[in-house]
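J.: My structure is below; once you've seen it, I'll send some questions.
The values are calculated or read from the model by the stated rules, or taken from the named source; none is laboratory data. If you're wondering where the values come from, they're calculated on a predicted model, not measured in any experiment. Note that we place each Cβ from the backbone using ideal geometry, even for glycine, and neighbour counts take in every protein chain shown. Just the protein is used for accessible areas: all its heavy atoms, side chains included, with ligands, DNA and RNA removed. Shrake-Rupley method; radii C 1.70, N 1.55, O 1.52, S 1.80 Å.
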Amino acid sequence: MDKTLSIIGQNNITKLNINATLMIRFLEEEYKNGYKHFIMGTLSNFDCMIFDAMLILKKIFPDLKVSVLVNNHKTYLSNKEYPLYDFNYIYYPLQEKLINENIVLQGKYMIDNSNKLFCFFDRRFVLFDKLLNTAKDKNKEIYNLYEILNP
């Protein structure tokens with residue numbers, strides 16, 4: 001059975017040299033390691049960058065399954081100006097204007113529905129530390145790019 005990788009991150013990626021090309025390199029390795037289903041969110045600029053990377057990865061690996069967690073796909077896609085492609089959109093209600101609660105909702109869904117968490121989280125923020133601890137408590141494999149780039 002194919003493995004599932006959830007991808008989630010925070011908004012401060014512009015302070016570091018993180019871009020879609022770098023993400024493609026990392027995620028391509030995950031695909032080659034048996035992760036054929038990627039779950040991603042739509043709450044941060046990290047998520048938008050991952051969306052761009054997914055468009056390229058789907059062309060390279062047509063059998064890659066991509067699930068996108070959204071609460072309003074029309075708004076998100078009109079902002080991105082992309083057609084639906086071959087992505088699976090999972091709709092769920094979010095708390096209006098409560099970004100921290102929404103990150104927790106999205107993060108918990110991803111942790112519960114994947115084998116591995118590929119994230120970009122600074123543990124100094126309590127919210128992200130709690131999500132990482134939840135994943136650890138559920139024996140999920142974790143790859144935190146933030147900690148790798150900021151030893």
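J.: For the stretch 1-32, which residues satisfy the criterion of being among the polar types (S, T, N, Q), at pLDDT below 75 and over 12 Å from ASP47 (Cα atoms)?
T.: Going residue by residue through the stretch 1-32, those that are among the polar types (S, T, N, Q) are 4, 6, 10-12, 14, 17, 19, 21.
After this cut, where a residue has to be at pLDDT below 75 as well, the list is 10-12, 14, 17, 19.
Correct list: THR14, ASN17.
J.: Restricting the search to the stretch 27-45, which residues are open to solvent by 30 Å² or more (accessible area, probe 1.4 Å) and part of a helix (DSSP H, G or I)?
T.: Within the stretch 27-45, GLU28, GLU29, LYS32, ASN45 qualify.
J.: I would also like to ask the following. Among (1) farther than 17 Å from LEU149 by Cα; (2) in contact (Cβ under 8 Å) with a residue 40 or more places away in the chain; (3) touching a helix residue (DSSP H, G or I) at 6+ places or on another chain (Cβ under 6 Å), which single condition is ALA53 missing?
T.: Evaluating ALA53 over (1) farther than 17 Å from LEU149 by Cα; (2) in contact (Cβ under 8 Å) with a residue 40 or more places away in the chain; (3) touching a helix residue (DSSP H, G or I) at 6+ places or on another chain (Cβ under 6 Å) leaves (2) as the failure.
Residue-by-condition table, conditions (1) open to solvent by less than 40 Å² (accessible area, probe 1.4 Å); (2) assigned to a loop (DSSP other than H, G, I, E, B); (3) of a type in the set (A, V, I, L, M, F, W, C); (4) at pLDDT 75 or above:
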| site | (1), (2), (3), (4) |
| --- | --- |
| VAL68 | yes, no, yes, yes |
| TYR76 | yes, no, no, no |
| TYR85 | no, yes, no, no |
| LYS97 | no, yes, no, no |
| ASN102 | yes, no, no, no |
| ASP122 | yes, yes, no, yes |
| ASP129 | no, no, no, yes |
| ASN133 | no, no, no, yes |
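J.: Within the stretch 106-120, work out how many residues are part of a helix (DSSP H, G or I) and either hydrophobic (A, V, I, L, M, F, W, C) or touching a Phe, Trp or Tyr at 6+ places or on another chain (Cβ under 9 Å) (or both).
T.: Going through the stretch 106-120 one residue at a time, the tally reaches 5.
J.: So, one more: Is there any pair linking a residue in the stretch 123-151 that is of a type in the set (Lys, Arg) to one that is in a helix (DSSP H, G or I) and surrounded by fewer than 16 Cβ atoms within 10 Å (Cβ to Cβ), with Cβ under 6 Å and at least six apart or on different chains, and which?
T.: ARG123/ASP129
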